[in-house]
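Peer 1: Below is one structure. I have some questions about it.
The values are calculated or read from the model by the stated rules, or taken from the named source; none is laboratory data. What you see is a predicted model; the values in this text were computed from it and never measured. All Cβ positions, glycine included, derive from the backbone under ideal geometry; neighbour counts span all protein chains shown. In case anyone asks, the SASA skips ligands and DNA or RNA and just uses the protein heavy atoms, side chains included. Shrake-Rupley method; radii C 1.70, N 1.55, O 1.52, S 1.80 Å.
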Amino acid sequence: EIKVLTERMEEMQATMMVSMLEEESVIDRLKGIQISQELPKTNEKVANALFMTLNNDESTNVRMAALQTLEAYADDPAIREGLINSITQQESPLMQVALAELMVELQERKSIDQFKQLLEKEGTPEEVKSTLKESIGKIM
């Protein structure tokens, strides 16, 4: 019974987290991410909501919080793949650099192609390009 109750509680928390990520208020969305950090493990529903937030939220602070939460699950191949795919979806230099630092930490060679795409992108600031080049060198 305790196991069933625990699973139901986790499911309710995940549902509440997803619901909060859809709120207009940045504070509510940040609270939603905080709830996801309290879950003992991630599931597909939570991961999908965090990736939607990481790739689409208007607030860089909320996207950064989503990235930090997903980083905790980076050992999961699906999460890692999602993080790699998020690299080219980021417009914010802060997010681009944060993802570069994470990929260096993870030594994720699959991220190099994504970084090269950002290097070729016309709007990427020179400071970010410099960081990306360094990151590629550290990964190789």
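Peer 1: For Asp28, what accessible surface area do you get with a 1.4 Å probe? Give it in Å², rounded to 10.
Peer 2: The accessible area comes out at roughly 50 Å².
Peer 1: Counting only protein heavy atoms and a 1.4 Å probe, tell me what percentage of the chain's accessible area is made up of carbon and sulfur. Mind dumping the intermediate values first?
Peer 2: Values: 4160 of 8260 Å².
Solvent-exposed carbon and sulfur of the chain make up 50 percent of the total.
Peer 1: Please give the helix 60-71 orientation as an angle from the longest Cα principal axis of the chain, in degrees from 0 to 90, rounded to the nearest 10.
Peer 2: 80
Peer 1: Measure nothing but the geometry: give the 0 to 90° angle between the long axis through the Cα atoms of 126-139 and the longest principal axis through the Cα atoms of the chain, rounded to 10°.
Peer 2: So the inclination is approximately 80 degrees.
Peer 1: Which shape class applies to the stretch 53-93: rounded if a/c is under 1.5, otherwise prolate when a/b exceeds b/c and oblate if not, where a ≥ b ≥ c are the square roots of the Cα gyration tensor eigenvalues? Let's see the in-between values first.
Peer 2: Numbers: a/c = 2.61, a/b = 1.52, b/c = 1.72.
Oblate, since a/c reaches 1.5 and b/c is not below a/b.
Peer 1: Give the accessible surface of the chain per residue, rounded to a whole number of Å², with probe radius 1.4 Å and ligands, DNA and RNA excluded.
Peer 2: About 59 Å² of surface per residue is accessible.
Peer 1: For the stretch 16-100, what's the radius of gyration and Dmax over Cα atoms, in angstrom?
Peer 2: Using the Cα atoms of the stretch 16-100, the pair Rg, Dmax is 11.6, 32 Å.
Peer 1: Could I ask something else about it? For the chain, what relative contact order do you get, as a whole percent, if you take Cα pairs closer than 8 Å and at least 6 residues apart? Walk me through the numbers on the way to the answer.
Peer 2: Working: 128 pairs, mean separation 22.5, N = 140.
Across the chain, relative contact order equals 16 percent.
Peer 1: Ok, one more. With charges only on Cβ, +1 for K and R and -1 for D and E, what is the dipole size of the chain about its Cα centre, in debye, rounded to 20?
Peer 2: Working: 15 positive and 26 negative charges, 72 e Å.
Dipole magnitude for the chain comes out near 340 debye.
Peer 1: OK, next. Could you give the spread of the C-alpha atoms of the stretch 62-135 along their three principal axes, from largest to smallest, in whole angstroms?
Peer 2: Computed over the Cα atoms, the extents are 32, 26, 17 Å.
Peer 1: Nearest 10 degrees is fine. How inclined is helix 2-21 to the longest principal axis of the chain, computing both from alpha carbons?
Peer 2: 50
Peer 1: Largest first, how would Lys116, Lys129 line up by accessible area (1.4 Å probe)? Let's see the in-between values first.
Peer 2: Details: Lys116 95, Lys129 35 Å².
Ranked list, largest accessible area first: Lys116, Lys129.
Peer 1: Ordering Leu5, Leu102 by how much accessible area each has at a 1.4 Å probe, largest first, what is the list? Numbers along the way, then the final one.
Peer 2: Values: Leu5 110, Leu102 10 Å².
Putting Leu5, Leu102 in descending order of accessible area: Leu5, Leu102.
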